[in-house]
Amino acid sequence: MKTAAILYQRDGYETSGKRLMGRQAASAGFLKALARYTTGESLYCFTTNQTGFEEFCQQVRPWLKNSVSLQWIPANNSQSLIPERLTSF
């Protein structure tokens, strides 16, 4: 099965700030739908640091099915984005 890695930066998915932008609402809606309806075993988060991954986890956990795991792909390891390598990540 093929899947996607989500490039995550909190401000792009944050909808509780003072000024909500359309891109934030659309991104948050996409992320919610992906987490809720994925048929994959894992969701992959591509971000620059561990803190970003932890923020991603906090945002998507309420929407996840129990069997879906969250995986971090550090930005300095972009070779992990090659599909053949995702299954062994």
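Bear in mind these aren't lab numbers, they're just calculated from the coordinates by the rules spelled out. Since we're looking at a predicted model, the values are computed, not measured. Backbone-built Cβ (ideal geometry, glycine too); neighbour counts: all protein chains shown.
When the Cα positions of N66, L34, F53 are compared along the charge dipole of the chain, L34 comes out farthest toward the positive end, with charges on each C-beta of Lys, Arg, Asp and Glu. Taking 7 Å steps out from each Cα toward its Cβ at T39 and L20 produces label points 3.1 nm apart. For the chain, modelled as a GNM whose springs connect Cα atoms under 10 angstrom apart, the maximal fluctuation among Q50, Q59, Q71 occurs at Q50. For the chain, adding -39500 (n - 2.57) for each run of n ≥ 4 DSSP H residues and dividing by the number of residues yields -10500 deg cm²/dmol at 222 nm.
Taken about its Cα centre, the chain carries a charge dipole of roughly 300 debye when the Cβ of each Lys and Arg holds +1 and the Cβ of each Asp and Glu holds -1.
Give me the percent of Cα-Cα pairs in segment 1-48 that sit more than 11 Å apart, rounded to a whole number. So the portion of pairs separated by more than 11 Å is 69 percent. Computed over the chain, the range of Cα coordinates on each principal axis works out to 41, 28, 19 Å, biggest value leading. Here the gap between K65 and F30, fully extended at 0.36 nm per residue and compared with their Cα-Cα distance, gives a gain of 11.0 nm.
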